[in-house]
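See below for the structure under consideration.
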Amino acid sequence: MTTAAHDAGVVPPMPERNPKALRAAIAQYAPKLLVDFDRHWRRDIADAYDLAPVPAFMARWWSEYALSRDPRLEATVHRLEDEAAKEPDYTRAKALIEEAGHIRRTAAQVNPGQ
């Protein structure tokens, strides 16, 4: 389920940078990610005695949500990746993947509230 603002093309702000807030934002604005988020959480974090994996978990899902909360941006990245997979010219395919990667890295750098 998405909110009216998200349906109207408004990109929702990033949540506070913690697993609970991120999960709530994913559930509200990018529910297609929720099953994988929860599965990853249960597998690697929930029963861990060592919190060392938490920063990597947050980095990965922060990035995934940052991209998924903007359907146009997500579609652009997926289009670039699909084009690269079909591109017979290595140089062109590499450029497409680099462009998609740049968009992903830029999206991952957003801060809470942005």
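Taken together, the values in this text are just the output of simple stated rules run on the coordinates, not laboratory data. In this text the structure is predicted, and so the values were computed from the model without any measurement. Glycine gets a Cβ as well: all are built from the backbone with ideal geometry, and neighbour counts include every protein chain shown.
The base-10 log of I(q)/I(0) for segment 19-78, evaluated at q = 0.22, 0.23, 0.26 Å⁻¹, reads -0.86, -0.92, -1.09 [Debye formula, identical scatterers on Cα atoms, solvent excluded].
Highest mean packing comes first when the peptides 27-33, 62-68, 82-88 are listed by Cβ atoms within 10 Å, giving 62-68, 27-33, 82-88. Helical runs assigned H by DSSP (4 residues or longer) give the chain a calculated mean residue ellipticity at 222 nm of -21000 deg cm²/dmol, each run adding -39500 (n - 2.57) before division by the residue total. May I ask for the angle, rounded to the nearest 10°, between helix 90-108 and the longest principal axis of the chain, with both axes built from Cα atoms and the value confined to 0 to 90°? Orientation of helix 90-108: about 30 degrees from the principal axis. Seen through its C-alpha gyration tensor, with square-root eigenvalues sorted a ≥ b ≥ c, the chain comes out oblate because a/c lies at 1.5 or above while a/b is not bigger than b/c. Annotation: lysines with alpha-carbon distance below 29 angstrom to Lys94 (same-chain offsets under eight excluded): Lys32, Lys86.
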